[in-house]
Each structure stands twice: as C-alpha cells, then as structure tokens.
Amino acid sequence: MIINYTFITYRVSLELPNIYGIVYSLLKKIPQGKVTTYGEVARGLGDLKAARTIGRLMAKNIWYKYIPCYKVVHSDSRIGKYSAPGGVKKKMELLAKDQIPIENGKIVHLNKYLWSHKEMNLFPYLQSLMRMQQYLSKYALKTTEHRSHITCKNKISCDVAYIDSLPDIAISSCVLFENENVSEISITISPVYFPYIPGYLAFRELVPILFSIKKLYENRLFHDSCILIDGHGLLHPRKLGIASHIGLLLNKPTIGIAKKLLVGKPLIKKRKRYLDRTYYPIAVNGEILGYGIEKDKSKIFVSPGAYISLDKALEVTLSLSWGNRREPYLMILPHVISSYFRKHLDNLIRSRA
DNA sequence: GCGACAG
DNA sequence: ATCTTGTCGC
C-alpha cells in the first residue's frame, strides 16, 4: 500500500511494511539452537514499544507447525506463554529438543542462546516511520496556528472495529452529522497488515478511515466540516497522532478524541467547569497539548489534529452532547455501527465454518 | 512490586 | 481493539 502526501510543495511516498509477514518470516530465520525475546524482535523492527505487539502476533500464529514462535521468550529468561496446542508444556518440550537448558521455568544463561536484534539484519521500519512522524509534525503544528476562527457546523465521526483473523480485517465506519443530525453513513471493509503498536496507530487505521471518509465524499462535497477521530492528535510522543495524520492528508480540520492518555500529565489543579463537565489541560514537558474532559465517571482526552487550534478543538469537543453515555453521542454512533457489522460478519463466518 | 502503554 | 506469548523504570 502506498500513500501519497500532497501538501505545501512536498510529496512524500510511504510504503507501509507488512509487519505480520516480516515478523513471521523472521522467526523462520532464528538459527538452530538459538532463541530470541519479544523485546529483541521489537528492537529489530526499530522500537521496543512493539514488544507486547510481538507477543500478540505470536498468540495469533496459526501456522505454529512451520513458524517456530516457541523460540520467542521473555527478556528476563522466563519461558513465556504458548497458545498453540500443548501450551507452555509443549513450548518447553520444543525448546528442550533444541538443546536449550531450562530450569524452574527459566532459560539458563539466556545470553548464550540469545539471537539478538543486531543479528536479525532487519530494516528498522518503525524508526523510519517515527522519523516521518517527526517530519510531518512540523507541518501539522503549523496548520494549528491562527485557526481559532474556524467553524465546525458539520462533523464527521469515524471509528474502526476488527474481525479476528489473519491478516486483520478492519471495519471502518464514518457518520456525517449536519446541524446535529445524522445525514450520511459509510462503512468499508479492508484488510490491514500493520498491527496496533502504541505511537503508530495511524499506520494501522489510516487507510481504512480514509476509505470510508472518501466514500462519504463520493456522494457529495460538504464544507464547514471537521473530522473527529477516535485517537489522539497533538497529544502524541511525536506530536503527530492519527488525527493529525488524517488532517494533513485531507487538508481538513481534524480533532483527536481518545479515551486513554498516550503521553502527558493531567494538570488537575487547573480544572474548570463547563455545564455538567469538567476539563483540565494535559501537559507534555510543560507544554499544554490537549485537554481532559470528564462527565460523571467518564473521561475523554482531546487534542487538535490539523487545521484547527487547541482552543477551538477544546471548544468544539466541549459543545458535543453526551446523552447518558460514556463519551459524546457523536463518537458512539460509528462505534456502534462498526461493532454491529463486526458481530454480523463474525456470526456469518462462524456459521459457514 | 506496581503502573505505564491511543486502538 | 479484543480475549490476552511484554518490558522497563520508578
């Protein structure tokens, strides 16, 4: 999949790596008598933050007969789990067959048997994606300046759900609200080859969301609109969350709305009240990049994506009505639609199987 | 030892 | 996000 960026005078092409394919073929290259760790594979890909994701990929490995995920263990030399038939016992047997010494559920002298990331000879994809985020964030930030005047009369809200299979199937849904009323809905189904890794959500969900937004635009163009994305914008380790990324690609105002923080500290002491909600700034290295908004026991975190100022993003989000739900009504609808679709497809697949 | 870690 | 093979730092 290639994505073209056209903004200002730059054009950047990005080829999304197929992480599933890369990791599974890597496991076949683990030398006889060696093991590696979840963290080492993540380092090989360019970011240790992917360690947990590697574990999830192992758990989803349906070709465990050919792809030796039993050779991946914890960095503190614990054996780790094994969800293929036989469980941990089978994992220990397979390791023993490879002459790997195990005592008390731990590998003895892991260092001696460790296949390190340096020996993997992998291209550090995550590092180059990170560099791209750093590069793009400069432009995204610029588009948030002098953008307090924009109006967001019409809103597009997007969400993605998944069917558990390989590769992951994404069901992406967008809802257009015109003057507070639902006026258009779009749903798309697309395979994704990039797993969820904290800080890299965009590379998993960007394409499915763009597909379903594009579908909305096919019917007709609408102005005076902004896009609400389930995830962060500026509130991101490289100041380029999925909301920023989508805003830059579409040249449209985007607001990131997430249920959990990825970075930053809430400045609770600075909390203020708006109707039945309270809100407070979120700071990263002393810089305010977003806001937390609370209603009853529920929390959301808002930050600008692109083409909208921090203050305006807060103002627009505060004005959304919540009903009796855990998040604003606008955010729930696409979520309900894609989850419904997911269940329906899941049942269909199960009944055929 | 516990929390942090968008979806 | 689903239905559970992590790691580091305080």
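Away from DNA strand B (no atom under 16 Å from the Cβ), charged (D, E, K, R) and part of a helix (DSSP H, G or I): does that describe residue A:49?
no
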Name the helices (runs of 4 or more DSSP H) wholly inside region A:81-184 in which the number of residues that are over 26 Å from the mean Cα position of the chain (by Cα) is 2 or more.
A:87-97, A:110-113, A:117-120
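Residues are listed down the side, and each one gets a yes or a no for (1) open to solvent by 80 Å² or more (accessible area, probe 1.4 Å); (2) in contact with an Asp or Glu (Cβ under 9 Å, 6 or more places away or on another chain); (3) over 23 Å from residue A:152 (Cα atoms):
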position	(1), (2), (3)
A:281	no, no, no
A:300	no, yes, no
A:306	no, no, no
A:311	yes, no, no
A:315	yes, no, no
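Yes/no per residue for (1) in contact with a Gly (Cβ under 6 Å, 6 or more places away or on another chain); (2) over 17 Å from residue A:139 (Cβ atoms); (3) of a type in the set (Val, Ile, Thr):
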{"residue": "A:228", "(1), (2), (3)": "no, yes, no"}
{"residue": "A:240", "(1), (2), (3)": "no, no, no"}
{"residue": "A:246", "(1), (2), (3)": "no, no, yes"}
{"residue": "A:251", "(1), (2), (3)": "no, no, no"}
{"residue": "A:257", "(1), (2), (3)": "no, yes, yes"}
{"residue": "A:262", "(1), (2), (3)": "no, yes, no"}
Kindly indicate which of A:240, A:216 is surrounded by 19 or more Cβ atoms within 10 Å (Cβ to Cβ), touching a residue at least 40 places away in the same chain (Cβ under 8 Å) and more than 8 Å from DNA strand B (Cβ to nearest atom).
A:216
Test residue A:289 against the stated conditions and say whether it is open to solvent by less than 80 Å² (accessible area, probe 1.4 Å) and hydrophobic (A, V, I, L, M, F, W, C).
yes
Note: among A:200, A:196, just one is open to solvent by less than 10 Å² (accessible area, probe 1.4 Å), within 13 Å of DNA strand B (Cβ to nearest atom) and within 12 Å of the chain's Cα centre (by Cα), namely A:200
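Name the strands (runs of 3 or more DSSP E) wholly within region A:204-292 that hold at least 3 residues that are hydroxyl-bearing (Ser, Thr, Tyr)?
Values: elements: A:225-230, A:254-258, A:272-274, A:277-284.
Output list reads A:277-284.
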Only one of A:182, A:160 is β-branched (Val, Ile, Thr) and open to solvent by less than 40 Å² (accessible area, probe 1.4 Å), namely A:160
Any residue in region A:296-311 that is within 16 Å of DNA strand C (Cβ to nearest atom), in the same structural domain as residue A:163 (by TED's automatic domain parsing) and of a type in the set (A, V, I, L, M, F, W, C)?
yes
Region A:79-99 residues that are not assigned by TED's automatic domain parsing to the domain that holds residue A:56, paired with ones that are open to solvent by 90 Å² or more (accessible area, probe 1.4 Å) and within 13 Å of DNA strand C (Cβ to nearest atom) (beta carbon under 9 Å, 6 or more apart)
none
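The values are calculated or read from the model by the stated rules, or taken from the named source; none is laboratory data. No experiment lies behind these values; they were computed from the predicted model shown. All Cβ positions, glycine included, derive from the backbone under ideal geometry; neighbour counts span all protein chains shown. Accessible surface is based on the protein model in full, side chains and every heavy atom, while ligands, DNA and RNA are left aside. Shrake-Rupley method; radii C 1.70, N 1.55, O 1.52, S 1.80 Å.
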